[in-house]
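Heads up: the structure comes next, in structure tokens.
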């Protein structure tokens, strides 16, 4: 992965194709920034609140290539997909996923400024972290432990709600399940 474009890699891993570029996500972030500026300016551009807001810069992206959860959610809305925090108490899908993590199709995880996807392809689960040398096969029983470990380490975990687009990997792995002889190596720490 180049720079800190893990949000781009995370979304493309989720969708299993190169649908989003850094430019696409930057455009979404800029649109969100503009909408926020207009909202803040409604009270007056001379207010101290507005001046502080403008000086803070974007909360939707930064120069390192980091993008906010709002940018990811907006990008996924094009696919009729929604991000719901796994910890959300009053959401039925979140409750179902807490009871049985295999009841949903995918998760997006964030820690500090790193994003990655955990997704079911065929009937198997994969850690599609761009910091690994390749996809990591995860058993259903390990998925529960892995998600608990991520929460313990301070990750924010989102459920991807909606129907993911059909992809070749899903079709192939439905017929021929993957066998992983060697775990992928960590390329660098998040």
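Just so you know, all these numbers are worked out from the coordinates, no wet-lab data involved. Nothing here was measured: the structure is a model prediction, and the numbers come from that model.
Which one, (1) 62, 38, 31; (2) 61, 44, 23; (3) 42, 39, 35, gives Cα extents along the principal axes in Å as derived from the coordinates shown? Correct label is (1). Of all the options 29, 178, 94, the one that moves most in a Gaussian network model of the chain with Cα springs shorter than 10 angstrom is 178. Under a GNM of the chain (C-alpha, springs under 10 Å), which listed residue has the highest mean-square fluctuation: 175, 104, 160? In the Gaussian network model the winner is 175. Of all the options 55, 171, 149, the one that moves most in a Gaussian network model of the chain with Cα springs shorter than 10 angstrom is 55.
Under the rule a/c < 1.5 gives rounded, and otherwise a/b versus b/c splits prolate from oblate, where does the stretch 84-190 land using the Cα gyration tensor? Oblate, because a/c is 1.5 or more while a/b does not exceed b/c.
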